[in-house]
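A short write-up of the structure that comes next.
Bear in mind that the values in this text are calculations on the coordinates, not laboratory data. What you are looking at is a predicted structure, and each value in this text was computed from that prediction instead of being measured. Every residue, glycine as well, gets a Cβ built from its backbone with ideal geometry; the counts of neighbours run over all protein chains shown.
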Amino acid sequence: MAKDQPEIRDAIISILEDAIKSEIESEEKYLHAAELACDTRVKDFFISLAKMEREHKVQLTAQLEELRAQMTIVGEMNEMFI
């Protein structure tokens with residue numbers, strides 16, 4: 001039995017929300033590691049990793065917002081024809 005659209009949509013939203021949380025947690029861990037690092041090169045390395053995680057979070061958040069906006073538009077269009 002194939003999944004219907006709402007199930008797929010909800011699964012994708014859940015995956016994106018979990019991924020965003022994971023990126024936030026990773027960024028925080030890398031920043032903490034940077035604070036603990038004594039060597040400047042190691043500190044800079046962890047800071048660069050934290051920045052990457054922050055950028056991933058921004059990208060995932062944008063995708064999630066776009067998906068939600070599309071869902072709103074489709075929902076409104078469906079209501080017009082019901």
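Before we move on, is MET80 touching a residue at least 60 places away in the same chain (Cβ under 8 Å) and within 25 Å of GLN5 (Cβ to Cβ)? The answer is no for MET80.
I'm checking my understanding of the structure. Among residues of segment 1-59 that are closer than 30 Å to THR72 by Cα and of a type in the set (Val, Ile, Thr), which one is surrounded by the most Cβ atoms within 10 Å (Cβ to Cβ)? Filtering segment 1-59 for residues that are closer than 30 Å to THR72 by Cα and of a type in the set (Val, Ile, Thr), the one surrounded by the most Cβ atoms within 10 Å (Cβ to Cβ) comes out as ILE20. Criterion first (touching a Lys or Arg at 6+ places or on another chain (Cβ under 9 Å) and of a type outside the set (Phe, Trp, Tyr)) does GLU55 satisfy it? It is false that GLU55 is touching a Lys or Arg at 6+ places or on another chain (Cβ under 9 Å) and of a type outside the set (Phe, Trp, Tyr).
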